[in-house]
Amino acid sequence: MVRGCARRRQCDILLRVPTRDLLVVGAGVVGAACAYYAAKAGLTVTVVDRGAVAGGTTGAGEGNLLVSDKEPGAELDLALLSARLWRDLAAEHGDEVEYEAKGGLVVAATAPGMAGLERLAAHQRAAGVRAEVVAATDLRDLEPHLAPGLAGGMFYPQDAQVQPMLAAAHLLRAARDRHGARLWTGVTVTGVTRAGDRVTGVRTDRGDIAAGAVVNAAGTWGGEIAALAGVRVPVLPRRGFILVTEPLPPMIRHKVYAAEYVGDVASDSAGLETSPVVEGTKAGTVLIGASRERVGFDRTLSTVVLRRLAAQAIALFPVLADVAAIRTYCGFRPYCPDHLPVIGPDPRAPGLLHACGHEGAGIGLAAATGHLLAQVLTGADPALDLSPFRPDRFAEVPS
Amino acid sequence: MTRDLAVIGAGPAGLAAAVTAAATGLRVVLVDAGARPGGQYFRHPPDTLAGPRGAARHGWAEFARLRDELAGHVAAGRITHLAGHAVWHVEAHSEEADARFTLHLGGTGSVAVSSGAVREVRARALVIAAGAHDRPLPFPGWDLPGVLTAGGAQALLKGSLVVAGRRVVVAGTGPFLLPVAAGLASAGARVEGVFEANRPGRFARHGARVLRNAGKLAEGAGYAAVLLRHRVPYRVGHAIVAAHGDDAVESVTVARLDRDWTPVRGGERVIECDAVAVGYGFTPQLEIPVELGCATRVDADGSLVVVVDAAQRTSVPGVYAAGETTGVGGAPLALTEGRLAGQAVAAALGAPPARPSRRLLARRARLRAFAATLHDAYAVRPGWAGWLRPDTLVCRCEEVPYGRLDEAVRELGAIDPRAAKLISRAGMGWCQGRICGYPTACLTARIRKRAPDVADLTGLARRPLAQPVRLGDLAEDPAAGGAEDADGADPGGGGPC
Amino acid sequence: MTTAQSREPSGAMRPDPEPFEIIFAGRPVPVLPGQTVGAALHASGIRSWRTTRENGRPRGLFCGIGVCFDCLVTVNGDPSRRACLIEARPGDVVTTQEGGGHDA
């Protein structure tokens, strides 16, 4: 079986030196999930981050756990696994991380748009996604404040949401308090230590830390950590702005977005793309996205982006016109050229594993990522074929 | 609208900057959220409201002169005064652009801006004179109705001629407590006491500096005389450590403090009251300079302030700052800095300054030294954290108790105030940390066993939207001359693939 | 509650302009022209006009200058106005605000 071979190949790389201790670089939600599942599996885990918990892209996320926005393929399989794992996590930590199985509603303005939604949903259903057609006349039963005149929608009951900062913080706390993991914040990784080819730990501004294996969960900065180990992992920032409204009574019940969002997620354009994504939160605020542009790490507020986000949100929910935005922030999605994350052992640097490049889906995909890496690290068969996510899949750049 | 200079804030500093620049021939736009010029210091009721004009108030004559000058420049078309306009963002364009700055103005909440409102202003230079607001410290019960900031009680009196309560307790630190208490007592309230947490007797060792500022002292002596006349007790080394009541404040616990503001055992008593005016200094409004990238520092009073050079220039070309924005120092210093900023802008834009500024430079140096002396005498001491209980709210908007903030920092990896905010939600509500930012930064740093630094304070001072903006106003691009283009506003559009 | 007007010892007094009323929670509240909604309510002994989302606690004026957003109130149907900033107009209908203000 092809998948089995790939799995064995990946595991072999690690099992040359069996490891009981793991160092995770990055205390965002992906690093937290890696630490949680590895520590739960019995590994001795240390997490380091140059800043605070959830101080990078996690702290700028909306906390989406989505299957609806993914086309069939490796990422959707990962998302479906993650959705199951998040449900399990929610059974224990649901209130702490503000888990809400709210469901996602994708709406189409036109009949051709609706036909496109139905085609996508048919493919998704074959992969295990639950998707229910919502007739135009029924849209307002789901979302009373939706604009009139929409052609219809698709409801995805598996879509959920967590508060991403709390998710990272509580997964790390559970890893520490229940499974003995250690968390060192304010520690900057400056290099890796090696024995021959093999990565044996990291150098930090507070001294060296030895480890049987090192997980690169540095998110948007994952490429820099990889470079310290002499390998190339092309993770680039893709900026997104979010507008946050004043706290409101529950007005918007689901994550609601327009059909073209799926296209934007998968787009390669460097230019500005915006599509309306609107959702309420347990805190009462409504989050309004989404924009995508490749402008490096520039944090300058863009009024062009904000105006488009506001206009598109109002087009979906006219009631928002009289609501105040009280805050905006931007974050940098860790983006790889093929829009897939990098997950698994790096054959070019034995002892180094990657868990980064999840673009805008890191919160959702974190659980599966951590779970799969823990399987790899303990010599178990990973629940999914990791080859689509392998770190050495990118063409080398001619020097 | 495009002007040579845009001034943000029509308090003492902004007014002085605007009229000084206009006098050299520059075309100025003065943008202010208030309905009338004067800012917080020269707050006055509208003409419809009978009552004291400013005659009795310190510095009123100078303000009246500035207001007349402003009226003259407005009449002559040199100054456009946009009252009732809040700036929600300032955009900086490339240095080659003729008008480097675009000020985005808007409504301040859920009501659409009126059709006559200006939405966008462009300018070649910018003076930020946004002023400051009260800096309260949390204590159990500080969220009870009837507990006001000292400035809030003052604004009620000065702006609407309403006395905060029948029996009022004034507390906090700093010389500002005196005019507040004197104003309340003169207006008929029974002021149960003024509780100054510091022991400003220490002030005496700065004798020489104090003497050079005899004007300020005389002002203080005047307030003291009013308090004496109304038999208002003034106690140093005391603070309100709790307020009590069900749905409004009914009493407060006042405690004697040691030097670090830790309550002294047995030094507590309960005072009945129906209002409280409390303030521990001021917090400059820094969202615009922080977002523009202006260098900041922690001032002697613990506030984040903008770094300026001798000409009131910030680290960002074309951006000047004056008044409390550069360090809390009171109206006379703000006026002086505003004049200097106006002259510097005029010089930079090629207009000759109206008069030599050596006198102003000397005055600024003297007033800054005096402000530093006051900051030293009326510093916030760390023992206030001991007034808090786990259920005491730190963030009023999001109702975040101290225990949750403590948990975020100790248990959940929030090692800096920004992370503490994201994880505990302190500072995430309506006020966006304007009120709780300083205490949250101090408490987070304290739990981490260090003093708050620039990064700590910036973590809760960064507000890319400087004011709430109605989404409907945001959606309309004034530059486009109408609604958003149809493509951008279409919720559906293309198919998914 | 008294207003400062009658007690202030100094400053030029002018003839009283005509007071008017606004309606708060169904009852009339007197206003002197130029007063803010928050000041008029406070002067009438009304200390709170909003409850918080989490704990349902009462809130009224705090900072008094538009910074703290504690005094949010619904005026003539517009929710979440800052009572300390908005000048009262004759006949204004002011209603209490629970939680987020806007209708669900």
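The values are calculated or read from the model by the stated rules, or taken from the named source; none is laboratory data. As the structure is a prediction and not an experimental result, all values here were calculated from the model. Quick reminder, even Gly has a Cβ in these numbers, built from the backbone with ideal geometry, and neighbours come from all protein chains shown.
On the given criteria, is residue A:275 out of contact with any Gly (no Cβ under 6 Å at 6 or more places or on another chain) and either over 27 Å from residue A:115 (Cα atoms) or within 8 Å of chain B (Cβ to nearest Cβ) (or both)? Spelling it out, it is not the case that residue A:275 is out of contact with any Gly (no Cβ under 6 Å at 6 or more places or on another chain) and either over 27 Å from residue A:115 (Cα atoms) or within 8 Å of chain B (Cβ to nearest Cβ) (or both).
Residue C:47: among the basic types (Lys, Arg) and more than 22 Å from residue B:83 (Cβ to Cβ), yes or no? Answer is yes for this residue. Just so you know, in the range C:11-28 the residues that are facing chain B (nearest Cβ under 7 Å) and in contact with a Pro (Cβ under 6 Å, 6 or more places away or on another chain) include one that is modelled with the highest pLDDT, and it is C:17.
Residues of the range B:457-479 being part of a helix (DSSP H, G or I), at the interface with chain A (Cβ under 7 Å from one of its Cβ atoms) and under 18 Å from residue B:116 (Cα atoms), which ones?
Here is the first cut: in the range B:457-479, the residues part of a helix (DSSP H, G or I) are B:457-461, B:471-475, B:478-479.
Next cut, at the interface with chain A (Cβ under 7 Å from one of its Cβ atoms) only: B:471-472, B:474-475.
Listed by number, the residues that qualify are B:472, B:474, B:475.
The condition (being assigned to a loop (DSSP other than H, G, I, E, B), under 16 Å from residue B:18 (Cα atoms) and over 22 Å from the mean Cα position of the chain (by Cα)) is satisfied by just one residue among B:351, B:344: B:351.
The residue pairs whose first member lies in the range B:125-153 and is part of a strand (DSSP E or B), whose second member is acidic (Asp, Glu), and whose beta carbons are closer than 7 Å, counting only pairs six or more residues apart or on different chains, are B:125/B:4; B:132/B:324; B:149/B:134.
What residue, of A:156, A:99, is out of contact with any Cys (no Cβ under 9 Å at 6 or more places or on another chain), more than 13 Å from chain B (Cβ to nearest Cβ) and buried (at least 17 other Cβ atoms within 10 Å of the Cβ)? Don't jump to the end; show me each part of the working.
On the way: A:156 fails: more than 13 Å from chain B (Cβ to nearest Cβ).
It is A:99.
Name the residue that is nearest to residue A:240 (Cα to Cα), counting only residues in the range A:59-91 that are touching a helix residue (DSSP H, G or I) at 6+ places or on another chain (Cβ under 9 Å) and without any contact (Cβ under 8 Å) to a residue 24 or more places away in the chain. So, considering only residues that are touching a helix residue (DSSP H, G or I) at 6+ places or on another chain (Cβ under 9 Å) and without any contact (Cβ under 8 Å) to a residue 24 or more places away in the chain, the one nearest to residue A:240 (Cα to Cα) is A:84.
Only one entry in A:105, A:172, A:183 is outside any loop (DSSP other than H, G, I, E, B), touching a strand residue (DSSP E or B) at 6+ places or on another chain (Cβ under 7 Å) and away from chain B (no Cβ under 11 Å), namely A:105. For the range B:420-453, the set of residues classified as of a type in the set (Gly, Ala, Ser) and touching a residue at least 24 places away in the same chain (Cβ under 8 Å) consists of B:420, B:424, B:426, B:427, B:429, B:433, B:437, B:441, B:445, listed by residue number.
Of all the listed residues (A:376, A:295), the sole one being surrounded by fewer than 20 Cβ atoms within 10 Å (Cβ to Cβ), touching a residue at least 40 places away in the same chain (Cβ under 8 Å), aliphatic (A, V, I, L, M) and more than 14 Å from chain B (Cβ to nearest Cβ) is A:295.
Once the range B:127-167 is narrowed to residues that are β-branched (Val, Ile, Thr) and at the interface with chain C (Cβ under 10 Å from one of its Cβ atoms), the residue that is farthest from residue B:331 (Cα to Cα) is B:147. Figure legend. Inter-residue proximity from the range C:29-56: first residues facing chain B (nearest Cβ under 7 Å) and more than 15 Å from residue B:162 (Cβ to Cβ), second residues in a loop (DSSP other than H, G, I, E, B) and of a type outside the set (Gly, Ala, Ser), beta-carbon distance below 6 Å, spacing 6+ or different chains. Indicated pairs: C:48/B:145; C:52/B:399; C:54/B:399; C:55/B:399. The residues of the range A:379-399 that are closer than 24 Å to residue A:332 by Cα, among the aliphatic types (A, V, I, L, M) and either in contact with a helix residue (DSSP H, G or I) (Cβ under 7 Å, 6 or more places away or on another chain) or without any contact (Cβ under 8 Å) to a residue 60 or more places away in the chain (or both) amount to a single one, A:395.
Taking the conditions exactly as written (over 25 Å from the mean Cα position of the chain (by Cα) and at pLDDT 95 or above), does residue A:145 satisfy them or not? Reasoning before the result, please.
Numbers: over 25 Å from the mean Cα position of the chain (by Cα): yes; at pLDDT 95 or above: yes.
Here the answer is yes, as residue A:145 does meet what is asked.
Among the residues making up the range A:368-393, those that are touching a strand residue (DSSP E or B) at 6+ places or on another chain (Cβ under 8 Å), under 14 Å from residue A:76 (Cα atoms) and either of a type in the set (Gly, Ala, Ser) or part of a helix (DSSP H, G or I) (or both) are A:369, A:389.
Anything in the range C:49-65 that is surrounded by fewer than 21 Cβ atoms within 10 Å (Cβ to Cβ) and either of a type outside the set (D, E, K, R) or part of a strand (DSSP E or B) (or both)? List them, or say none. Even if it seems obvious, please write down each step before you answer.
Filtering the range C:49-65 down to residues surrounded by fewer than 21 Cβ atoms within 10 Å (Cβ to Cβ) leaves C:51-58.
Across the range C:49-65, the qualifying residues are C:51, C:52, C:55, C:56, C:58.
Scanning the range B:252-274 for residues that are within 28 Å of the chain's Cα centre (by Cα), away from chain C (no Cβ under 14 Å) and surrounded by 14 or more Cβ atoms within 10 Å (Cβ to Cβ) turns up B:252, B:253, B:254, B:255, B:257, B:261, B:262. When residue B:369 is tested against (1) hydrophobic (A, V, I, L, M, F, W, C); (2) buried (at least 18 other Cβ atoms within 10 Å of the Cβ); (3) within 21 Å of residue B:306 (Cβ to Cβ), exactly one condition is not met: (2). Tell me whether the range B:371-384 contains one or more residues that are touching a Ser or Thr at 6+ places or on another chain (Cβ under 7 Å), in a helix (DSSP H, G or I), more than 13 Å from residue B:129 (Cβ to Cβ) and small (Gly, Ala, Ser). The answer is yes; a qualifying residue exists.
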